[in-house]
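Structure first, commentary second.
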Amino acid sequence: MKAIGYFYEDTESPEFVLSNQRESFISYCAQHDHQAVTEFVDRKIDDTNRSGYNLLLKYLQESGSEFLLLVSGTEILSNDLESSIDRILELDSFGAKVICTTGDVPDPFQYALKRWTNVNPKGTRGQQIKEAMMAKAMRGEGLGKPPFGYKIGSDGRLELNENEHGAVKHIFQMYTKENMGMRRIVSKLNQMGVTTRSGRGWSIVTIRDILRNRSYIGTYNRFGIVTPRNHTPIIEPETFRMAQEILGRFSTPRTQLSNEPFMLSGVIYCAYCNNNMIGVNRQQGWRRKDSSRVTGTYRYYQCQSRVNKGMCNYHTWRSDVLEETIKDQIKELLIKGEVNIKVMATGLSSLPDSNIQTEHPDPAFIKTLESVAAGFISLSYMRDAVSSIKKTRENTGHTSSEHNLLANAINSGNLSNVINSWHTLDSNTLISLFKGLIEKVTVSDDSIDIKLKHF
Ligand SMILES: [Zn+2]
């Protein structure tokens with residue numbers, strides 16, 4: 001595969017010696033039969049703006065093809081955990097998979113975890129998940145589901161699934177050649193009686209996952225290791241590239257998405273697999289029959305274990321419905337006096353302050369990183385999770401007059417003002433309330449179980 005080297009030189013630090021990085025790049029390419037095509041360099045002494053990195057992004061964008069981006073370690077990308085993860089995700093969105101060439105951890109997420117948290121991913125959650133998957137395999141349950149269109153052959157590799165691969169071809173055909181949007185593809189497939197593997201109808205989410213899945217061009221990506229031409233492709237690379245281009249046209253920059261925080265981030269769990277549910281923003285665009293364009297934003301909470309690993313099914317809750325329901329139930333508890341105000345005060349004082357640069361990595365961030373490092377969630381969900389964590393952090397740091405309302409209520413021990421203005425409480429205040437009171441909310445498709453904090 002074509003490989004690009006990215007180096008960062010800091011002459012004052014032995015970790016950032018340029019010649020060592022270049023040597024590591026060359027020998028990694030030789031060892032793994034990758035073709036070294038070019039390199040980009042930033043030097044601490046020159047500037048702090050990383051102009052080399054920006055040139056690299058430009059290069060990736062203009063070439064439009066896929067590369068491996070080799071770095072000696074993730075510290076080359078940035079000097080702190082979160083911004084180096086941001087860059088890994090950014091590079092991925094430009095078609096470059098980051099690989100670390102020194103040490104025994106090529107996966108950048110596992111590498112970053114190990115470096116910045118002293119957590120050895122092989123000994124933690126990643127290992128537990130892998131063990132759970134192996135136990136499943138021994139019971140004859142299979143190691144996760146292969147992508148729609150494939151089955152797992154006797155040698156453990158993906159083989160075409162005769163009943164499904166035609167539908168995959170058809171989906172790409174409709175999207176790239178027949179100018180059909182995802183909404184129309186969904187209704188067409190449902191009309192034709194083509195079902196998903198679970199037997200349920202198609203949705204925009206399942207169609208989008210298919211259009212984005214690189215397995216269909218024969219690339220296999222698991223635990224961060226990319227193996228091109230691993231199995232029989234279903235889709236021509238050119239068609240796949242076109243699909244990505246159209247998908248890109250409809251997606252809008254993240255900053256334009258709703259800035260409302262997800263109020264239940266960090267306290268909400270899936271009843272089926274006990275993993276976190278994360279807030280997801282989706283901007284959707286489609287054409288009306290008169291060819292005018294319509295867009296809308298959809299917000300929901302989704303189980304992190306989903307994706308195509310077969311660890312959990314597709315469980316979602318619309319965010320407004322879930323938040324309203326929880327809000328109602330909390331109000332009931334407040335009115336009944338079942339909530340200890342002192343507990344709430346303890347919860348509030350432990351709220352993170354966004355103005356303080358956290359010295360220790362954010363636990364919510366680490367947890368998500370562990371999931372992606374274990375191959376448990378996909379990069380696009382990592383992206384959603386990261387932005388949702390950041391938004392929650394930004395929003396909980398600020399105080400508002402309503403926040404003071406809450407503080408006053410706690411100090412006076414009288415909650416009636418809070419209860420009276422219940423329907424006009426802003427989201428920051430609600431986030432504080434929820435974080436202060438709720439230990440955990442477990443949701444299934446048709447039940448919600450709130451567990452309050454006890455002291
Ligand atoms: Zn789940």
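Just so you know, all these numbers are worked out from the coordinates, no wet-lab data involved. Bear in mind the structure is a predicted one, so any value in this text is a computation, not a measurement. Every residue, glycine among them, receives a Cβ derived from its backbone with ideal geometry; neighbour counts consider all protein chains shown.
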Going 7 Å from the Cα of residue 332 along its beta-carbon direction, which residues of the stretch 412-450 have the amide nitrogen within less than 16 Å of the resulting point? 441-444, 446-450
Along principal axes, largest first, the alpha-carbon spread of the stretch 2-121 in whole Å comes out as 37, 32, 26
Using only the alpha carbons of the stretch 409-453, what is the convex hull's orientation-averaged projected area in square nanometres? 4.0 nm²
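Nearest 0.05, what FRET efficiency do residue 65 and residue 10 give at R0 = 30 Å with Cβ-Cβ as r?
Working: r = 31 Å, r/R0 = 1.03.
That pair, residue 65 with residue 10, gives E of 0.45.
If you stretched the chain out fully between residue 390 and residue 454, how much longer would it get, using 0.36 nm times the residue separation minus the C-alpha to C-alpha distance? Before the final figure, lay out each step's value.
On the way: separation 64, 0.36 × 64 = 23.04 nm, distance 2.74 nm.
Here the segment from residue 390 to residue 454 would lengthen by 20.3 nm.
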Starting from the eigenvalues of the Cα gyration tensor, five times each then square-rooted, give me the equivalent ellipsoid semi-axes of the stretch 150-250, largest first, whole Å. 23, 17, 11
With r defined as the distance between the Cβ atoms of residue 18 and residue 447 and R0 fixed at 45 Å, what FRET efficiency is calculated, to the nearest 0.05? 0.20
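Distance cut-off 29 Å, Cα to Cα: go down the list 188/390; 367/453; 169/390; 188/440; 151/390 and report the pairs above it.
Details: 188/390 38 Å; 367/453 21 Å; 169/390 38 Å; 188/440 41 Å; 151/390 38 Å.
The pairs that break the limit, which is 29 Å between Cα atoms, are 188/390; 169/390; 188/440; 151/390.
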Which of the peptides 200-211, 21-32, 102-113 is most tightly packed, and how do the rest follow, going by the mean number of other Cβ atoms within 10 Å of each residue? 102-113, 200-211, 21-32
